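Worksheet: one structure, shown below.
The values are calculated or read from the model by the stated rules, or taken from the named source; none is laboratory data. Remember, predicted model here, so these are calculated numbers, not experimental data. Positions of Cβ are backbone-derived with ideal geometry, glycine not excepted, and every protein chain shown enters the neighbour counts.
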Amino acid sequence: MDKGSNQSRNGSAKKTDEIRRIEPDLKVNLCGIILDNPVIAASGPFGYGHEYRALTNFEALGGIIVKGVSLEPWTGNPPPRLAETASGLLNAIGLHNPGLDQFLEKDLPLLRDAGPRLIVNVVGCSINEYSRVASHLDGVEGIDGLEINISCPNVKAGGMAFGTDPEATYQAVSAVRRRTKLPLLIKLSPNVTDICVIARAAEEAGADGISLINTLAGMLIDVGQKKPLLGNTFGGLSGPAIMPVALKMVWQVAGTVKVPVLGMGGINSAEDALQFIMAGARAVAVGTGFFYDPELPVKINAGLTEYMKTNGISNLGRIEGIARS
């Protein structure tokens, strides 16, 4: 073997060692909210976090988005509310929650000391309801931001969801923006013709970030009973089955708006998370995955760290949207 070959091999080995010594920084800035890592507990499956305290390492979460909070208590839909599907879960919970007062009195105090950043998901059936909840939460200790779920039915528009019409989206987001200084993430429904039009309307109305996707509409039929399996007939599909759809929409929206994107929908591994980040997501959220693996955030962060070390990546900003170039 000649001297040049030895030098080349030694140089490659030295470069590899230097790459491996890089200590990746998982911190990300999501709409002004500094997260220790990009993995967030999505609104819904994680509830208000109480059930997961003995199951999940909260320190592995960059943030928690709590289950939807409405002005008054919502009883939700009639049972059955859940049904397992191939690679997914169909739910028709109906945003069942105890209301704003109980959240502030009982749930929030337990979450303040949890560690991760706290984002409150806000639901409502009118612009007034959204605005009032946002106003009550503005400036409350321990709350770092709001996620506005505009997939709720607009009672004044015959039950049409706010997030299926750009004008309704603009009106709802702008009204909430006037009532709070907290960072606003707007959670979009995938059940639309063009999600980019909705995302632009939210951004123009004052959104600080876009959160997507919410569940896909679906249903199941009980062939024995010869009727819909869910008590509400229709439900929302989540889990690995929707991951490619969610990834596509994150790609589309990240190329449309200037504000950060929070990606979610079927994420159950570090590779899934990397795909969302490379498509343009600033951070990712895990939802249904918690049901079968409460330690998923730990595994995702470990996988992200290993990938970054192997590839000499010091921070996630270097690969955010890189697949778009």
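Note on segment 67-186: enclosed helices (runs of 4 or more DSSP H) holding 2 or more residues that are among the small types (Gly, Ala, Ser) are 127-137, 166-177. Annotation: Leu230 fulfils all but one of (1) outside any loop (DSSP other than H, G, I, E, B); (2) of a type in the set (A, V, I, L, M); (3) farther than 23 Å from Ile33 by Cα; the unmet one is (1).
Every listed requirement among (1) surrounded by fewer than 20 Cβ atoms within 10 Å (Cβ to Cβ); (2) at pLDDT 95 or above is met by Ile143 save one, (1).
Surrounded by fewer than 19 Cβ atoms within 10 Å (Cβ to Cβ), under 30 Å from Glu59 (Cβ atoms) and under 22 Å from the mean Cα position of the chain (by Cα): is that true of Pro98 in this structure? In short, yes.
Between Leu100, Leu71, the distinction of being closer than 18 Å to Ile148 by Cβ and free of Cβ contacts under 8 Å to residues at least 40 places away in the same chain belongs to Leu100 only.
For Asp208, the stated conditions hold: it is closer than 24 Å to Glu167 by Cα and charged (D, E, K, R).
Just one residue in the set Val261, Val197, Val192, Val223 is of a type in the set (A, V, I, L, M) and under 23 Å from Phe46 (Cβ atoms); that residue is Val261. Inspection of segment 245-256 finds no residue satisfying the criterion of being assigned to a helix (DSSP H, G or I), over 24 Å from Thr193 (Cα atoms), out of contact with any Phe, Trp or Tyr (no Cβ under 8 Å at 6 or more places or on another chain) and free of Cβ contacts under 8 Å to residues at least 12 places away in the same chain.
When Gly224, Gly206 are screened for being free of Cβ contacts under 8 Å to residues at least 40 places away in the same chain, farther than 29 Å from Arg81 by Cα and not in a helix (DSSP H, G or I), only Gly206 passes.
Here is a yes/no grid of residues against (1) surrounded by fewer than 19 Cβ atoms within 10 Å (Cβ to Cβ); (2) of a type in the set (Phe, Trp, Tyr); (3) modelled with pLDDT under 95:
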| position | (1), (2), (3) |
| --- | --- |
| Ala202 | no, no, no |
| Ser211 | no, no, no |
| Ala217 | yes, no, yes |
| Val223 | yes, no, no |
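Within segment 31-42, if we keep just the residues that are farther than 21 Å from Lys299 by Cβ and touching a Lys or Arg at 6+ places or on another chain (Cβ under 8 Å), the residue that is surrounded by the fewest Cβ atoms within 10 Å (Cβ to Cβ) turns out to be Ile34.
Taken over segment 232-268, the criterion of being among the aromatic types (Phe, Trp, Tyr) and at pLDDT 95 or above is satisfied by Trp251 alone.
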